[in-house]
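What follows is a single structure, written as structure tokens, with notes after it.
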Amino acid sequence: MTNIFRLGGDLSHLASILILINTITKTKSVDGISLKTQVLYVLVFITRYIDLFTKWYSFYNTMMKIFFITSSIYVVFVIKQSKRTNPVGFQNMITRDTFKIRFLIGFAALMALLFHRKFSIVELFWSFSMWLESVAILPQLFMLSKAGKADTLTTHYIFALGLYRTLYIPNWIWRYFAENRYDKLSIVTGILQTLVYSDFFYIYYKKVIKEGTGFELPV
């Protein structure tokens with residue numbers, strides 16, 4: 001039986017990346033997009049999928065891994081390129097993108113050492129990627145809070161990215177009952193990530209979905 005929650009989560013994740021790439025392409029600007037968050041996602045996918053060429057699960061699984069690694073690297077490359085094509089927008093982004101990501105990397109490394117499924121290189125990297133992903137959006141949300149508002153396409157990207165991980169919580173509940181599989185670490189990090197997004201979700205629903213206005217933080 002198809003796991004609709006995992007499928008929905010994967011599609012939401014794909015949508016978030018495509019929205020982000022479309023935003024940069026359409027506006028020809030990276031102002032409002034956090035380079036630091038994108039760098040963290042590159043680190044997330046590289047450490048999570050280090051088994052790409054050593055373990056085979058399925059064609060779908062392999063293609064998704066390749067897509068997430070390459071697309072995250074591509075996004076960072078495009079943002080870096082904007083320094084030449086749109087120096088004003090790039091400088092505005094750098095000025096606002098001030099979150100200290102070394103604390104997030106340190107947090108993820110510490111949590112990976114304390115909470116993991118097995119003490120091995122692959123499993124430690126996997127655990128690190130899960131903890132890091134749960135907080136990787138913080139530089140983007142911090143930038144958003146400093147600006148007080150964001151373009152609609154940018155908020156759609158953040159929402160789709162948050163929805164992806166939120167859907168993975170019922171995915172694991174489904175797998176527990178349907179496949180008798182249970183991964184406590186995935187659920188805990190998924191809940192943590194959902195909590196990080198909670199304020200954004202509320203404002204997005206109230207301002208963008210319900211009222212149809214632009215995303216703007218309350219004064």
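The values are calculated or read from the model by the stated rules, or taken from the named source; none is laboratory data. A quick note: this is a predicted structure, and the numbers were derived from the prediction, not measured. Backbone-built Cβ (ideal geometry, glycine too); neighbour counts: all protein chains shown. These accessible areas exclude ligands, DNA and RNA; they are computed on the full protein's heavy atoms, side chains included. Shrake-Rupley method; radii C 1.70, N 1.55, O 1.52, S 1.80 Å.
Go over the candidates T98, T70 one by one and state the one that is at pLDDT 90 or above and not in a helix (DSSP H, G or I).
Details: T70 fails: not in a helix (DSSP H, G or I).
Result of the check over T98, T70: T98.
Which residue out of I158, I101, I105, I121 is open to solvent by less than 20 Å² (accessible area, probe 1.4 Å) and out of contact with any Cys (no Cβ under 9 Å at 6 or more places or on another chain)?
Working: I101 fails: open to solvent by less than 20 Å² (accessible area, probe 1.4 Å); I105 fails: open to solvent by less than 20 Å² (accessible area, probe 1.4 Å); I121 fails: open to solvent by less than 20 Å² (accessible area, probe 1.4 Å).
Unique residue meeting the criteria: I158.
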Query - segment 122-155: number of residues that are in a helix (DSSP H, G or I) and over 18 Å from Q193 (Cβ atoms) - result: 9
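Can you name every residue in segment 47-67 that is in contact (Cβ under 8 Å) with a residue 24 or more places away in the chain and either outside any loop (DSSP other than H, G, I, E, B) or open to solvent by 40 Å² or more (accessible area, probe 1.4 Å) (or both)? Before the answer, list the steps.
Initial filter on segment 47-67 (in contact (Cβ under 8 Å) with a residue 24 or more places away in the chain): 47-48, 50-51, 64, 67.
Listed by number, the residues that qualify are T47, R48, I50, M64, F67.
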Query raised in the report: Could you give every pair whose Cβ atoms fall below 7 Å, whose first residue belongs to segment 95-113 and is closer than 16 Å to Q38 by Cβ, and whose second residue is polar (S, T, N, Q) and surrounded by 19 or more Cβ atoms within 10 Å (Cβ to Cβ), counting only separations of at least 6 or pairs across chains?
Result: D97/S34
Query - Scan of segment 185-216 for residues that are open to solvent by 50 Å² or more (accessible area, probe 1.4 Å) and at pLDDT below 85, ordered by number - result: S198, D199, Y202, Y205, K206, K207, I209, K210, E211, G212, T213, E216
**Report entry** Test set (1) touching a helix residue (DSSP H, G or I) at 6+ places or on another chain (Cβ under 7 Å); (2) charged (D, E, K, R); (3) open to solvent by less than 70 Å² (accessible area, probe 1.4 Å) - K83 fails condition number
**Finding:** (3)
Requested in this report: Tell me which residues, restricted to segment 124-155, are touching a Gly at 6+ places or on another chain (Cβ under 7 Å) and open to solvent by 20 Å² or more (accessible area, probe 1.4 Å).
Outcome: A147, K149, A150, D151, T152
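Of these, Y168, Y182, which one is of a type in the set (S, T, Y), out of contact with any Leu (no Cβ under 7 Å at 6 or more places or on another chain) and surrounded by fewer than 13 Cβ atoms within 10 Å (Cβ to Cβ)? Steps first, please.
Numbers: Y168 fails: surrounded by fewer than 13 Cβ atoms within 10 Å (Cβ to Cβ).
Going through Y168, Y182 in turn, the sole match is Y182.
Taking into account only those residues within segment 11-39 that are charged (D, E, K, R) and either closer than 14 Å to I73 by Cα or surrounded by fewer than 18 Cβ atoms within 10 Å (Cβ to Cβ) (or both), which is modelled with the highest pLDDT?
Residues of segment 11-39 charged (D, E, K, R): 26, 28, 31, 36.
The next check asks that each one be either closer than 14 Å to I73 by Cα or surrounded by fewer than 18 Cβ atoms within 10 Å (Cβ to Cβ) (or both); those that pass are 26, 28, 36.
Working: K26: 80, K28: 78, K36: 95.
It comes out as K36.
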Report summary line: Taking segment 117-171 and keeping only residues that are farther than 17 Å from L14 by Cα and acidic (D, E), one is left with E123, D151
Query raised in the report: If you scan segment 46-73, which residues turn out to be over 15 Å from the mean Cα position of the chain (by Cα) and within 28 Å of D31 (Cα to Cα)?
Result: I66
